[in-house]
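Asker: One structure, as structure tokens, below. Some questions next.
The values are calculated or read from the model by the stated rules, or taken from the named source; none is laboratory data. Keep in mind that this is a model prediction, so the values were computed, not measured. Cβ sites come from the backbone with ideal geometry, for glycine too, and all protein chains shown count toward neighbours. All accessible areas refer to the heavy atoms of the entire protein, side chains included, with ligands and DNA or RNA removed. Shrake-Rupley method; radii C 1.70, N 1.55, O 1.52, S 1.80 Å.
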Amino acid sequence: MITKIAVLGAGTMGHGMAETFAMHKYEVNLYDISKDKLNQAKDEIREELILLIEQKFFPADELEATINRINFISSLQDSVQGCDYVIEATPENLEVKQQLFKQLDQYCTAHTILASNTSSFELHKMLKFVSGERKQQIMINHWYNPAHLMPLVELSYFGDIKQFVYEEVENLYHSINKQTVKVLKDIPGLIANRIQQGIAREVFSLMEMGAVDAENADKALRYGPGFRYATTGQLEICDLGGLDVWCVVGDNLLSVMDNSSEANSLLREKVNEGKLGIKSNEGFYDYRHADIQAIKTEFAKRLIHQLKASDYYEGSLGK
Ligand SMILES: NC(=O)c1ccc[n+]([C@@H]2O[C@H](COP(=O)([O-])OP(=O)(O)OC[C@H]3O[C@@H](n4cnc5c(N)ncnc54)[C@H](O)[C@@H]3O)[C@@H](O)[C@H]2O)c1
């Protein structure tokens, strides 16, 4: 049974993952190579918990105890000592992850389950320097950002993973109220990111051809497909609409839609101009006169609102 957890990397994802485990009463070691990042993570966790409390989504009297359940540690070896489950959220760099798993193979006890939060690497590539035995308990466990609010965690069910290890990890995620998706093949990007990239590719392409502006493209997704996607999966939507209709529309539209195999040039131009979104005050929208913190808080509030609403959602159609 998993009781003691280590999260490696305290950045965008790692701090939220540690926070989530701590919110559900797990003791967590949070490790980073940068002490500044660890201090920053502590502040971010406090701020995020306070917002959850203000939104009546987390009890106020749990604030200090939750933060105290997280040990902020700057030694890798110390951070994984005695842990049953270790998940890494270090930068998306294959060599960094390969070296890290090599060290973890040496530092962790035989029973420790290891995981990566990678967004795009195949599992077998990250395990280049890992011993055969250990490969039976290493998985990709892919969270979504912001980690403490998004319900999804994709779990790899491939490679050399043993059934009981998979079940133990699945139980862990159910115990912290996450919705798990079982991924059956070692493919880059797993499931949700690939679906999302498919949508994004068409949005960028429609913008590039001048068919729509940013605001209307976002409205089309938010009040059209996205509105249904919040409660209903793609295949359920097809069943509701009729597969014959989806077949005809697919034949008519797919041949005229974007099928490029690299990032859209519109997106690349923005990146080259230093327009990276809110972190540089300009992206598809202009934030130069906006209150960035207020935008981030508003986004988090909308997700909390959705989480509250989804408590009442009873699984999939037809079940
Ligand atoms: N940001 C997202 O939206 C998102 C979503 C899902 C998955 N991911 C994946 O999660 C992982 C982390 O992404 P992020 O956005 O949190 O990155 P980030 O850059 O915000 O954080 C990475 C952290 O790792 C630390 N670090 C660097 N080298 C390290 C090492 N050798 N050991 C320990 N810590 C080290 C850095 O100091 C930094 O704090 C990546 O694999 C990424 O693809 C990111």
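Asker: Please verify whether residue 57 is surrounded by 18 or more Cβ atoms within 10 Å (Cβ to Cβ), in contact (Cβ under 8 Å) with a residue 24 or more places away in the chain and either more than 19 Å from the chain's Cα centre (by Cα) or more than 9 Å from the ligand (Cβ to nearest atom) (or both), treating the condition exactly as stated. Full working, then the answer.
Answerer: Details: surrounded by 18 or more Cβ atoms within 10 Å (Cβ to Cβ): no; in contact (Cβ under 8 Å) with a residue 24 or more places away in the chain: yes; either more than 19 Å from the chain's Cα centre (by Cα) or more than 9 Å from the ligand (Cβ to nearest atom) (or both): yes.
Spelling it out, it is not the case that residue 57 is surrounded by 18 or more Cβ atoms within 10 Å (Cβ to Cβ), in contact (Cβ under 8 Å) with a residue 24 or more places away in the chain and either more than 19 Å from the chain's Cα centre (by Cα) or more than 9 Å from the ligand (Cβ to nearest atom) (or both).
Asker: Given the criteria part of a loop (DSSP other than H, G, I, E, B), without any contact (Cβ under 8 Å) to a residue 24 or more places away in the chain and over 17 Å from the mean Cα position of the chain (by Cα), does residue 25 qualify? Please lay out each step first, then the result.
Answerer: Numbers: part of a loop (DSSP other than H, G, I, E, B): yes; without any contact (Cβ under 8 Å) to a residue 24 or more places away in the chain: no; over 17 Å from the mean Cα position of the chain (by Cα): yes.
Here the answer is no, as residue 25 does not meet what is asked.
Asker: Of the conditions (1) among the β-branched types (Val, Ile, Thr); (2) surrounded by 12 or more Cβ atoms within 10 Å (Cβ to Cβ); (3) over 22 Å from the mean Cα position of the chain (by Cα), residue 256 fails just one. Which one is it?
Answerer: Of everything listed in (1) among the β-branched types (Val, Ile, Thr); (2) surrounded by 12 or more Cβ atoms within 10 Å (Cβ to Cβ); (3) over 22 Å from the mean Cα position of the chain (by Cα), residue 256 misses just condition (2).
Asker: Let me ask something additional. Looking only at the stretch 145-175, how many residues end up being crowded, with 20+ Cβ neighbours inside 10 Å and within 14 Å of the ligand (Cβ to nearest atom)?
Answerer: Residues in the stretch 145-175 being crowded, with 20+ Cβ neighbours inside 10 Å and within 14 Å of the ligand (Cβ to nearest atom): 7 in total.
Asker: Could you identify the single residue in 236, 282 that is closer than 25 Å to residue 181 by Cβ, at pLDDT 95 or above, of a type in the set (Asp, Glu) and surrounded by 13 or more Cβ atoms within 10 Å (Cβ to Cβ)?
Answerer: 236
Asker: Is it true that some residue in the stretch 279-301 is more than 30 Å from residue 148 (Cβ to Cβ) and in a helix (DSSP H, G or I)?
Answerer: So in the stretch 279-301, the residues more than 30 Å from residue 148 (Cβ to Cβ) come out as none.
Scanning the stretch 279-301, I find no residue that is more than 30 Å from residue 148 (Cβ to Cβ) and in a helix (DSSP H, G or I), so the answer is no.
Asker: In the stretch 63-120, which residue that is small (Gly, Ala, Ser) and over 24 Å from the mean Cα position of the chain (by Cα) is farthest from residue 47 (Cα to Cα)?
Answerer: Initially, the stretch 63-120 is screened for residues small (Gly, Ala, Ser), giving 65, 74-75, 79, 82, 89, 110, 115-116, 119-120.
Adding the requirement that they be over 24 Å from the mean Cα position of the chain (by Cα) leaves 65, 75, 82, 110.
Numbers: 65: 15, 75: 25, 82: 29, 110: 37 Å.
Within the stretch 63-120, the match that is farthest from residue 47 (Cα to Cα) is 110.
Asker: Considering each residue of the stretch 188-205, count those that are part of a loop (DSSP other than H, G, I, E, B) and either loosely packed, with under 14 Cβ neighbours inside 10 Å or at positive phi (or both), and give that number. Give the steps one after another, and end with the answer.
Answerer: Of the stretch 188-205, the ones part of a loop (DSSP other than H, G, I, E, B) are 188-191.
Subset that is either loosely packed, with under 14 Cβ neighbours inside 10 Å or at positive phi (or both): 188-190.
Summing the residues that are part of a loop (DSSP other than H, G, I, E, B) and either loosely packed, with under 14 Cβ neighbours inside 10 Å or at positive phi (or both) in the stretch 188-205 gives 3.
Results for (1) assigned to a helix (DSSP H, G or I); (2) open to solvent by 80 Å² or more (accessible area, probe 1.4 Å), shown as yes or no for each residue.
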residue	(1), (2)
219	yes, yes
245	yes, no
262	no, yes
268	yes, yes
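Asker: Next up: Could you give every pair whose Cβ atoms fall below 8 Å, whose first residue belongs to the stretch 93-121 and is under 17 Å from residue 11 (Cα atoms), and whose second residue is more than 8 Å from the ligand (Cβ to nearest atom) and hydroxyl-bearing (Ser, Thr, Tyr), counting only separations of at least 6 or pairs across chains?
Answerer: Here the result reads 115/85, each pair linking the stretch 93-121 to a residue that is more than 8 Å from the ligand (Cβ to nearest atom) and hydroxyl-bearing (Ser, Thr, Tyr).
Asker: Could you figure out which of (1) within 15 Å of the ligand (Cβ to nearest atom); (2) without any contact (Cβ under 8 Å) to a residue 24 or more places away in the chain isn't true of residue 133?
Answerer: (1)
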